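Structure, as structure tokens:
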Amino acid sequence: MAVGDRIKRVRNFRGMTMKELGMAVGFDEKSADVRIAQYESGVRTPKEQMLIKMADVFCVQPAVFSSR
């Protein structure tokens, strides 16, 4: 499963919108949902630091997003 699919799965499980997640990790309100959509669709790949921020927001280990 791709990183974007894992992000989407955890986000949906936690009941968050893309905008809520984007703002929680520090993106501006105007672009928050667009950036998360890019990650989930595979257009962009989040850097390790961004995955760590997402893991903190979701209260999970960063390894949850690993493809290993």
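The values are calculated or read from the model by the stated rules, or taken from the named source; none is laboratory data. Keep in mind that what you see is a predicted model, and the values were worked out from it rather than measured. Neighbour counts are summed over all protein chains in view; Cβ atoms, including those assigned to glycine, are modelled from backbone coordinates with ideal geometry. Heads up: the accessible areas ignore ligands, DNA and RNA and are worked out on the full protein's heavy atoms, side chains in. Shrake-Rupley method; radii C 1.70, N 1.55, O 1.52, S 1.80 Å.
Overview of values
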{"read-out": "Largest-first ordering by accessible area, 1.4 Å probe, given options MET54, MET23", "value": "MET23, MET54"}
{"read-out": "Whichever aspartates and glutamates have a C-alpha closer than 19 Å to that of LYS19, once near sequence neighbours (fewer than 8 apart) are set aside", "value": "ASP5, ASP28, GLU29, ASP33, GLU40, ASP56"}
{"read-out": "Length released on extending from ALA55 to ALA37, taking residue separation times 0.36 nm less the Cα-Cα span", "value": "4.8 nm"}
{"read-out": "Label-point gap, in nm, between SER66 and ASN12 - each point 7 angstrom along Cα→Cβ", "value": "2.5"}
{"read-out": "Ranked order, GLU40, GLU20 - accessible area, probe 1.4 Å, largest first", "value": "GLU20, GLU40"}
{"read-out": "Segment 43-59 - phi-based ³J(HN,Hα) in whole Hz, Karplus 6.51/-1.76/1.60, Gly and Pro as x", "value": "5, 10, 10, x, 6, 4, 4, 5, 5, 5, 4, 5, 4, 5, 4, 7, 6"}
{"read-out": "Probe 1.4 Å, accessible area per residue of the chain, Å²", "value": "66"}
{"read-out": "Backbone HN-Hα couplings from phi across segment 8-15 [Karplus 6.51/-1.76/1.60, Hz, Gly and Pro as x]", "value": "4, 4, 5, 4, 5, 4, 7, x"}
{"read-out": "Accessible-area ranking of THR17, THR45, largest first, probe 1.4 Å", "value": "THR45, THR17"}
{"read-out": "Computed accessible area, VAL57, all protein chains, 1.4 angstrom probe, square angstrom", "value": "50"}
